[in-house]
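**Q** Here it is, the structure in full.
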Amino acid sequence: MNHLQRLGNRVSVSIPADDDGFTGRECPQADCEGYFKIEFGTGLEGEGTLCHCPYCDHTASHDHFYTKAQIEYAKSVAMRKITDAIHKDLKKLEFDYKPKGPFGIGISMKVSRPRLTPIHKFREKKLETEIVCDSCTLRYAVYGVFAFCPDCGQHNSSQILAKNLEVVEKMLDMAAKAADKDMSERLIENALEDCVSAFDGFGREICRVHAEKATNSISAEKISFQDLQGTQKRMSSLFGIDLSDGITAQEWEEVIRGFQKRHLLSHNMGVVDEAYIRKTNDINAIVGRKIILTSSDVHEAARIVGKLAKHIIAEFQAL
């Protein structure tokens with residue numbers, strides 16, 4: 001059998017992983033073409049496993065997600081294999097008949113090596129966030145933070161929120177160990193800021209993902225989760241979801257108070273104003289004086305935020 005026949009009807013080309021074990025993927029949707037990376041061998045396995053774009057959730061077979069650079073690389077490798085096989089087969093046809101006698105004529109055929117088909121080298125891109133899916137254990141990397149898992153399709157919004165809330169707890173631990181009082185207070189304030197920001201990011205993202213279920217999809221993508229009372233009204237209007245249903249009345253009051261304390265710290269140097277009193281009914285607060293914020297306040301806010309997130313996810317799943 002000659003070399004070209006040995007190649008068969010298909011040429012197999014392996015796509016190498018990068019130094020971190022990732023293989024690049026690209027969404028085939030023309031209006032997305034988002035680039036991401038996955039580590040094969042983690043997550044779901046088996047024939048017929050679909051791939052989800054982490055950005056737009058387009059779903060198709062894994063072989064639809066090769067990057068343009070990988071395709072060009074594969075084409076060049078395949079062409080090199082084919083031209084090599086043809087060259088080897090032609091080399092087998094070489095001959096050299098020497099002339100015989102004083103007037104003999106010799107004849108020969110030599111096959112010269114053609115110019116090698118160039119291999120289109122490529123390098124996978126550096127991305128911003130590495131994630132291990134807490135549902136299927138796939139390790140993947142994306143631009144930004146929030147994403148659908150490329151293997152199981154689960155959105156990572158609750159996973160990212162949980163990790164951010166873990167950081168909040170670590171900051172509170174640092175505040176408890178800080179010898180300097182001012183440093184301890186600043187760490188507690190920053191922990192509250194991070195808690196509110198994490199929940200705001202989570203809420204905005206999950207509303208964006210489910211925007212098509214809203215009465216007004218454009219408004220759904222613009223919801224802020226920093227003013228819980230306002231958010232409660234907008235969530236009810238747009239999705240029919242009552243934000244406070246997932247927690248007790250006391251927890252709702254406590255988390256509103258925590259978020260409003262954060263508002264004072266961010267916009268009023270922590271000084272109590274009439275708006276704060278009106279929104280929280282905080283009997284311990286005095287207009288014109290600094291708000292009192294303790295580590296316990298932030299710990300409770302983080303705990304309740306976690307419950308609110310689970311409630312929101314459950315409500316969207318039920319829609």
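**Q** What FRET efficiency, computed as 1/(1 + (r/R0)^6) with R0 = 30 Å and r the Cβ-Cβ distance, is obtained for Cys56 and Ile119, rounded to the nearest 0.05?
**A** Calculated transfer efficiency: 0.40.
**Q** Hey, fewest Cβ within 10 Å first, where do Val287, Val11 land in order?
**A** Starting with the residue having the fewest Cβ neighbours, the order is Val287, Val11.
**Q** So which lysines pass the test for Lys307, namely a Cα distance under 25 Å, with those fewer than 8 places away in the same chain ruled out?
**A** Lys163, Lys170, Lys213, Lys222, Lys233, Lys261, Lys279
**Q** Suppose each label sits 7 Å from its Cα in the direction of the beta carbon; what would the Thr83-Asn2 distance come out to in nanometres?
**A** 1.8 nm
**Q** Let me ask something additional. Normalising by the residue count of the chain, find the relative contact order in percent from Cα pairs under 8 Å and 6+ residues apart.
**A** 13 percent
**Q** Continuing with the same structure: Could you check the spin-label model distance between Lys222 and Tyr97? Points 7 Å from the Cα along Cα→Cβ, value in nm.
**A** 8.7 nm
**Q** Next question, about the same structure. For Lys88, which lysines qualify as cross-link partners when the Cα separation must be under 24 Å and same-chain residues fewer than eight apart are set aside?
**A** Lys75, Lys98, Lys110
**Q** Counting other Cβ atoms within 10 Å, keep those with at most 12, restrict to DSSP loop, and tell me which GluC sites (Glu not before Pro) in region 183-226 are left.
**A** none
**Q** Suppose only helical runs count, i.e. DSSP H with n ≥ 4. What mean residue ellipticity at 222 nm does that imply for the chain under -39500 (n - 2.57) per run, divided by all residues and rounded to the nearest 500 deg cm²/dmol?
**A** Calculated from helices alone, the mean residue ellipticity at 222 nm is -15000 deg cm²/dmol.
**Q** Could you calculate the FRET efficiency of Lys307 with Ser14 from 1/(1 + (r/R0)^6), where r is the beta carbon distance between them and R0 is 35 Å, rounded to 0.05?
**A** The pair Lys307/Ser14 has a calculated efficiency of 0.15.
**Q** Based on the Cβ-Cβ distance of Lys68 and Thr42, what FRET efficiency does E = 1/(1 + (r/R0)^6) give at R0 = 22 Å, to the nearest 0.05?
**A** For R0 = 22 Å, the calculated efficiency reads 0.35.
**Q** Determine which lysines satisfy two conditions relative to Lys68: a Cα distance under 22 Å, and not lying fewer than 8 residues away in the same chain.
**A** Within reach: Lys37, Lys81, Lys121, Lys125, Lys126.
**Q** I would also like to ask the following. Label Met174 and Thr294 with points 7 Å out from Cα along Cα→Cβ: what is the distance between them in nm?
**A** Computed distance between label sites Met174 and Thr294 equals 2.3 nm.
**Q** Exposure proxy check: Asp273, Asp297 ranked by fewest other beta carbons within 10 Å?
**A** Lowest count first: Asp273, Asp297.
**Q** Full-extension gain between Ser112 and Thr129, please, as 0.36 nm times their residue separation minus the C-alpha to C-alpha distance.
**A** Extending this stretch completely gives an extra 1.1 nm.
**Q** Kindly provide log₁₀ I(q)/I(0) values, in the same order as q = 0.10, 0.13 Å⁻¹, from the Debye equation applied to equal alpha-carbon scatterers of the chain.
**A** The Cα Debye sum returns log10 ratios of -0.74, -1.02.
**Q** Going 7 Å from the Cα of Leu319 in the Cα-to-Cβ direction, what parts of region 111-155 have a backbone nitrogen less than 18 Å from that spot?
**A** 147-148, 154-155
No lab work stands behind these numbers, since they all come straight from the coordinates. The model shown is predicted, which means the values in this text are computed figures rather than measured ones. FYI the Cβ positions are ideal-geometry reconstructions off the backbone, even for glycines, and counts take in every protein chain you see.
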